[in-house]
Number of protein chains: 2
Amino acid sequence: MSDPRTIPPELIELLGDRLTIDPIIREKHGSDESSHAPHPPDAVAYPESTEEVAKIVAICASHALPIVPFGKGSAVEGGVVAIHGGICIDLGRMNQILSINREDMDADVQAGVTQFQLNEHLDGTPLFFSVDPGGEATLGGMASTRASGTNTVRYGAMRENVLRLTVVLADGRIIRTASRARKSSAGYDLTRLFVGAEGTLGIITEVTVRLYRRPEAISTAICAFDSIDNAVRTVIETIQSGIPVARVELLDEVSIDAVNRYSDLDYSVAPTLFFEFQGTSASVTEQAASVEVIAQQHGGLAFQWATDEVDRERLWHARHQAYYAMLALRPGARSMTTDVCVPVSRLADCIRETKREVDECSLPSPLLGHVGDGNFHILFLIDPERPEELAEAERLNRRIVERALSMDGTCTGEHGVGLGKVDFLPIEHGEAFHVMQQIKATLDPQDLMNPGKVLKQTS
Amino acid sequence: MSDPRTIPPELIELLGDRLTIDPIIREKHGSDESSHAPHPPDAVAYPESTEEVAKIVAICASHALPIVPFGKGSAVEGGVVAIHGGICIDLGRMNQILSINREDMDADVQAGVTQFQLNEHLDGTPLFFSVDPGGEATLGGMASTRASGTNTVRYGAMRENVLRLTVVLADGRIIRTASRARKSSAGYDLTRLFVGAEGTLGIITEVTVRLYRRPEAISTAICAFDSIDNAVRTVIETIQSGIPVARVELLDEVSIDAVNRYSDLDYSVAPTLFFEFQGTSASVTEQAASVEVIAQQHGGLAFQWATDEVDRERLWHARHQAYYAMLALRPGARSMTTDVCVPVSRLADCIRETKREVDECSLPSPLLGHVGDGNFHILFLIDPERPEELAEAERLNRRIVERALSMDGTCTGEHGVGLGKVDFLPIEHGEAFHVMQQIKATLDPQDLMNPGKVLKQTS
């Protein structure tokens, strides 16, 4: 670990014991859940308000110190790794729910609020927050990576669910990106510019998100298939039929095996879809019946229903724990996760070709997917002590990305660019990549906002 | 009309007779459907490809000639008025539907394709394009103004329905803003940056839009109310109940009277909601029954159903003709249209206070609204020969905008900024306005792309 730079005395004066150079805390803030090599920041700051973030950023700007925002550290593309050191801004203490606007079905929260915290707060109201990336994450982090998750197919990703942001810019200015109106044509869409910018254009300190009415009825089922191809075709036909399925998740046989072991379940070890239907009782019954017919036509076995809440929670808990279940397939392993997303018409081909290649490699490589969106992940489980395994995973990931791009898809559906996809961004975007560089150079001329992430160079 | 500037000979060479300085054509391209004072461009160009647009822009850039994109001229905020002259790029000949991707439920089209043309093309398929601003508009224009319309409450605005764009930048570079994947976290959201930029950052030449499955069943009804307040409360409660109403439109008694006269109908002259329900037969029946109960609880009279397609089309035709019906209330009048959008919790207050003020003015002022989104319009019908009437309408509009902003709303829900809202933009956005100026200055340093629109000054 390199010696930390001199910390500006104004920063120490501003934050007192809410600024730390404790090596253990710095180390914890220098990595996420991925296999990206960690690098600690020089210090970690714990601001409690937007104004304080603005002051921190202004001080850092005057000392040319890099700034890296930090939520829960639950991302997987190395977005929080402080490769150039600098000050990590941990937003964890900015965890106030500012207002729940029930009539407007939205919520104003500080960036450090997590999706679990918000939904617990909404318990007992008719409303819920939809975006569900699995592991616990802050809304600021989820906005920054344009996160999505299991029910994006019905409710959209963070892109669709953020109404506005409060952002601290690289020079310490504070902006609010929009009003609280549901729609607007008033100028450039700054909300969507900062959603997905991964802290490279500014620090998100407050988020206004849409809420939805809790459905009157929910039903959940899993269905095993004779082939992954048929599972994917079932999903495509479901979407095309206009059935408003709330969740439809694919786990391949390797993943299901991992989930069975980890959560003590006995699902058939076969490619499997997890479905959730939401609506009125009548509508849920109707949706489920329609999907069951589609599944049968594509080699699906009988639906296994989880109708009561306990069963349903057990099933989705198993799905949400899938990441940890997969890691447990190889104790001590780190994961290298792929995240391509392609037009659904190409998804079956993309998965088939990918599986064929991956099945030949030596690494455990479970697959799961938000297939309604055309998005799937493979977790390569690698021994962190064996660099040749990381190299193998990177080689395979590169081929998967190239395949997705050749199918008019994207290198990252929901995890962000971080460090992991910086080399692919210019390939995916061509000339548009230079426009991103121009915007970065304009809003962060010193290249201090999470430098080295998203865009490798800014000139 | 001022003498046109010298047209660069390269432009004439490039376009031949697809470049015109005909005064009548120039005049037609210098105004939209609003009361904004027209100003013709120096010439009108009719490119047939993205590459040709790029060449035109590059030539204009080298001669410092302003560039104004033109679709159908159906907007109402003066966005196409060539206040600084220059070259109007009429995208009307770029009207090719490039591909319909049925499995992916999207369409690639050139920017000059209209929503009617696309939906006619989709006749006989299970798919339709949802965004419905009423009058005929090009998809490029709709993307540029971030348009929405009657079924935004269910299907979203252009912001949600554009998957990607091809854009010609101010220096003639051509970019594609995204892949065709349904979601992506790969870098800055350039798609959303150009959606709503009204041609001030670049010219949209191709658009990829989402398509939806045609519903199995549709039913439509109107319902009159004893007060506009109760009509609005019915809508709010409908949305909060999670009923996926496809359309819910408010017409006040003045508008209904106009529609009756114009379309030879005999609806009760009272505040009225137009509803449309879409889904399976069972779901449509269920939705309609739920909404009928809510309406009854809020002073709604009996629903008048339009169940067969002829009735339904007559009803929505009447609604779509409402703009022209209102204009016909005062033959020879031009309209000055307001477009505020507020959080729905404030909508009843906003409409009540606005109506009270408007009822005292001397101008015919029908009101209609996409109330599910919190968005409503008042059409002030003014005699173009009497500047005091325009001044009166502008005074009232200013008060309506101030009211909306004080309610955390926006000055324009769907019409764009154009010329009409440029003074309000800095008030609405505060410091964020300067970020918009920075982006404009970066991507259009010569201020040639639709100059004077959206942002009054770029320095």
Could you check how many residues of segment B:317-326 are in contact with a Phe, Trp or Tyr (Cβ under 9 Å, 6 or more places away or on another chain), of a type outside the set (Gly, Ala, Ser) and buried (at least 20 other Cβ atoms within 10 Å of the Cβ)?
-> 2
Across segment B:431-443, which residue is nearest to B:SER148 (Cα to Cα) among those that are under 24 Å from the mean Cα position of the chain (by Cα) and surrounded by fewer than 22 Cβ atoms within 10 Å (Cβ to Cβ)?
-> B:PHE433
Complete set of residues in segment A:422-459 that are charged (D, E, K, R) and more than 7 Å from every other protein chain (Cβ to nearest Cβ) = A:ASP423, A:LYS440, A:ASP444, A:ASP447, A:LYS453, A:LYS456
Can you run down the residue pairs with Cβ atoms below 8 Å, 6 or more apart or on separate chains, where the first is in segment A:149-171 and basic (Lys, Arg) and the partner is part of a helix (DSSP H, G or I)?
-> A:ARG159/A:ARG192; A:ARG159/B:ARG192; A:ARG164/A:THR191
From the residues in segment B:139-183 that are of a type outside the set (Gly, Ala, Ser), more than 10 Å from every other protein chain (Cβ to nearest Cβ) and closer than 23 Å to B:LYS421 by Cα, which one is surrounded by the fewest Cβ atoms within 10 Å (Cβ to Cβ)?
-> B:THR150
Does A:LEU419 fit the bill of being surrounded by 17 or more Cβ atoms within 10 Å (Cβ to Cβ) and not in a helix (DSSP H, G or I)?
-> yes
Select, from A:LYS28, A:LYS55, the only residue that is closer than 12 Å to A:ILE89 by Cα and not hydrophobic (A, V, I, L, M, F, W, C).
-> A:LYS55
Can you tell me which residue within segment B:239-258, out of those that are polar (S, T, N, Q) and either assigned to a helix (DSSP H, G or I) or within 16 Å of B:ALA348 (Cβ to Cβ) (or both), is farthest from the other protein chains (Cβ to nearest Cβ)?
-> B:SER255
Which ones in segment B:184-219 are closer than 20 Å to A:GLY242 by Cα and either more than 9 Å from every other protein chain (Cβ to nearest Cβ) or buried (at least 24 other Cβ atoms within 10 Å of the Cβ) (or both)?
-> B:THR208, B:VAL209, B:ARG210, B:LEU211, B:ALA217, B:ILE218, B:SER219
Candidates A:GLU313, A:GLU286, A:GLU292 - the one that is among the acidic types (Asp, Glu) and either within 12 Å of chain B (Cβ to nearest Cβ) or surrounded by 23 or more Cβ atoms within 10 Å (Cβ to Cβ) (or both) = A:GLU286
Would you be able to say whether some residue in segment B:384-401 is facing chain A (nearest Cβ under 10 Å), touching a residue at least 12 places away in the same chain (Cβ under 8 Å) and polar (S, T, N, Q)?
-> no
Pairs with Cβ under 6 Å, 6+ apart, first in segment B:336-347 and at the interface with another protein chain (Cβ under 8 Å from one of its Cβ atoms), second modelled with pLDDT under 95 and part of a helix (DSSP H, G or I) = B:VAL344/B:ILE236
Going through segment A:263-276 in order, the residues found to be within 25 Å of the chain's Cα centre (by Cα) and either modelled with pLDDT of 95 or more or outside the structural domain of A:LEU301 (by TED's automatic domain parsing) (or both) are A:PRO271, A:THR272, A:LEU273, A:PHE274, A:PHE275, A:GLU276
Does A:GLU276 qualify as being in contact with a Lys or Arg (Cβ under 6 Å, 6 or more places away or on another chain), closer than 24 Å to A:SER241 by Cβ and buried (at least 16 other Cβ atoms within 10 Å of the Cβ)?
-> yes
Looking only at segment A:115-131, decide whether some residue is more than 23 Å from B:ILE243 (Cα to Cα), within 14 Å of the chain's Cα centre (by Cα) and not assigned by TED's automatic domain parsing to the domain that holds A:PHE275.
-> yes
Top-ranked residue in segment A:269-283 [being of a type outside the set (A, V, I, L, M) and within 18 Å of A:LEU329 (Cβ to Cβ); ranked as farthest from the other protein chains (Cβ to nearest Cβ)] | A:THR272
Which one of A:ILE97, A:ILE89, A:ILE83 is crowded, with 18+ Cβ neighbours inside 10 Å, in contact (Cβ under 8 Å) with a residue 12 or more places away in the chain and touching a helix residue (DSSP H, G or I) at 6+ places or on another chain (Cβ under 8 Å)?
-> A:ILE89
Exactly one condition in (1) within 21 Å of B:GLY156 (Cα to Cα); (2) touching a residue at least 12 places away in the same chain (Cβ under 8 Å); (3) surrounded by fewer than 23 Cβ atoms within 10 Å (Cβ to Cβ) is not met by A:GLU103; state its number.
-> (2)
Within segment A:60-80, tally of residues that are buried (at least 23 other Cβ atoms within 10 Å of the Cβ), farther than 14 Å from A:PRO451 by Cβ and not aromatic (Phe, Trp, Tyr) | 4
Selection from segment B:307-340 of residues modelled with pLDDT of 90 or more and part of a loop (DSSP other than H, G, I, E, B) yields B:GLN321, B:ALA328, B:LEU329, B:ARG330, B:PRO331, B:GLY332, B:ALA333, B:THR338, B:ASP339, B:VAL340
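The values are calculated or read from the model by the stated rules, or taken from the named source; none is laboratory data. Only a predicted model underlies this, so the values are computations on that prediction, with no experimental measurement involved. Because the Cβ atoms are built from the backbone with ideal geometry, glycine has one as well, and the counts that use them run over all protein chains shown.
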